[in-house]
Structures are given as structure tokens and as C-alpha cells.
């Protein structure tokens, strides 16, 4: 990177620019796949063969696009870095809706009339374990990340997470909603996890994390956690890409044997936005410099992105729970 005259010249920016160039190559590749496979509905369609096959051609295309991005001027790369913030936000929103849809689907399956008696004990057990883990997680976050009264920001994050957990539970158990314990319990796990990720993303020198100096040392455990984080993001991106049904407005259509099991175009669109999200994680949502080696998603911007994602998750969940009641009331009012 330092030998390329098209780079900005600053050593602190070269690493971030390299990440953005690789991300741009992946983004262009998946957008090409999106355009060429969108609205593919049948298995015998030639576009489905292009989606699920032609691996050698696609690998060559991806390598060529990645090489070409290193020949693009730095000004365009910086512009892509700004646009990538929006694309990463779209990816987080898509992933958020997918996760919440799965939780509500699981709750509906377990509380339906057909399986209510058979799964009643299992639902209570899973919900109880979820709430216990949430409470234990919140207590441990207070101990680890708010050891002193001066850690006001961490105390606010953790306390507000507890308030959101109570809010989701209260609304879910309202007689008009009657969503049960399972859905808010699983959402509580997700919200507590996002709060933990947000606090862990705080810069080491400015946070209230105990043993902060020891975390600066790069060892095998840090490297393994870095690789596990990357693998988790890949799995989450893949699972979100094949979950196109929760974004369909016409869900009453019947499937036939020769229909594709998921939206091919949507799958590649998720990976295109996921390429932007990867870049933001690796540079800490800051296009002007890269973060430390073997770290991922570190910085105050990353922290606030996680916090806003947590609050948005609660809002989306509450809307998905309350919306059917509001729409039903409107229909009754219009009918009368």
C-alpha cells in the first residue's frame, strides 16, 4: 500500500484504505450478482445456475474486481467509505428484522393451540433460563464495566438495558397482547448481548473495564476471539441472506417444487451490504485510520452504533407485537 502513489500517504490511513478497497471489490461483485439474479423464481432458470454454480468464473471475477479497486484514486475510496456507513446501517437493520422475526416465529410456534400443551414445560424452562442469563449478565456487566460510580456512561447503558428488558416483558404480558414469556426472554438475551458488545467496543484507555492494560497485549486468545468474531459475522450474514421470507409483503403465495427456496437477489444484496459492514467493523466506523491489530469493532463510534442498534431492536420488537392490535382496532373503528 505504501508504494501506491494513489494512496493518501498517511500511514494511519493506509490500513483503513486497504480495507475499504477490498470491501469495494466485494461490494461490486455482490451487486453484480444481485442484478443478475434478482427475481429468480424457478430452479430451472439459467440465473439460478449462475447463482449456485459457475464457481471458477465467479472466483476469477471477484479477484479481478479486488485488483481493480487498488487502481482507483483515493478520493473515490474515501467517498465509498462514507457511503459504506449507510450500507452498513442497512445491513444492521436487515439483520435486526431477521432476528426478531425468527424469535416471534419461534414464540408463535410454541404457543400455538396445536403445540401449547406439548411445549408448555419447554417454553417455561427456556424462558426462565433466558431471564436468569439476562439478570446474571447485567450483574456481571455492573461488576466488570462499572466498578466505580464515576463510570456514568456504562452505568447508564446497563441500567437502561434493564429498563428495556422490563418494558418488553410488561408489554408482552399485557392482556391485549398476550405474547408470553418466551419472546421477551429471547429478546432480552439479544439486547443484553448488544449492550455487552457496545461496552466492549469502548476504547481501552477511556473505558472503565477492569484489567484494561492487560487487554492491550496481543496473545493467542485475542487472535482466536478475533477469528471467532469474523466467523460469527459470516454465519449471521449467510443466515440473514436466506431469510428473505420475513421481508415479503405477499406471504400467502403457495410454493411449488420447482420454486427457489429463498430470494437469490436478496441473498446477494445482503452480502453486498455485509461487505460494507465488514469494512466498518475492521476500521471502527472511522474512515481516517484503522484500529489496532487483531481487534474488531473498537471505538466510540462502534459503541454508539451498538447502543442505537439495541434501542432500535426494542422499538422494532414492540412494534411487531403491538402493530396487529393497533391495526385491528383501526379496522373495527372503520367498520363501525
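Mind counting the residues in the stretch 41-60 that are crowded, with 16+ Cβ neighbours inside 10 Å and under 19 Å from residue 28 (Cβ atoms)?
Within the stretch 41-60, residues that are crowded, with 16+ Cβ neighbours inside 10 Å and under 19 Å from residue 28 (Cβ atoms) number 3.
Any residue at all in the stretch 319-327 that is closer than 30 Å to residue 19 by Cα and either modelled with pLDDT of 80 or more or assigned to a loop (DSSP other than H, G, I, E, B) (or both)?
no
Do you know which residues across the stretch 38-59 are modelled with pLDDT under 85 and outside any loop (DSSP other than H, G, I, E, B)?
Listed by number, the residues that qualify are 42, 46, 47, 48, 49, 50, 51, 52.
I'd like to check something: does the stretch 132-141 contain any residue that is farther than 30 Å from residue 191 by Cβ and in a helix (DSSP H, G or I)?
Checking the stretch 132-141: not a single residue is farther than 30 Å from residue 191 by Cβ and in a helix (DSSP H, G or I).
Those residues that are modelled with pLDDT of 90 or more and either farther than 19 Å from residue 302 by Cβ or touching a strand residue (DSSP E or B) at 6+ places or on another chain (Cβ under 9 Å) (or both), I need them from the stretch 145-170; list them, please.
155, 159, 162, 163, 164, 165, 166, 167, 168, 169, 170
Could you check residue 142 against (1) in contact with a helix residue (DSSP H, G or I) (Cβ under 7 Å, 6 or more places away or on another chain); (2) at pLDDT below 90; (3) farther than 21 Å from residue 102 by Cβ and say which number it fails?
(2)
In the list 225, 207, 201, 215, which residue meets the criterion of being over 30 Å from residue 120 (Cβ atoms), at pLDDT below 65 and crowded, with 18+ Cβ neighbours inside 10 Å?
Only one candidate passes the filter, namely 207.
Go through the stretch 141-174 residue by residue and tally those that are surrounded by 13 or more Cβ atoms within 10 Å (Cβ to Cβ) and under 25 Å from the mean Cα position of the chain (by Cα).
So the count comes out to 20.
The values are calculated or read from the model by the stated rules, or taken from the named source; none is laboratory data. Since the structure is predicted, the reported quantities are computational estimates derived from the model, not experimental observations. Cβ coordinates were reconstructed from backbone atoms using ideal geometry, including for glycine residues, and neighbour counts include every protein chain displayed.
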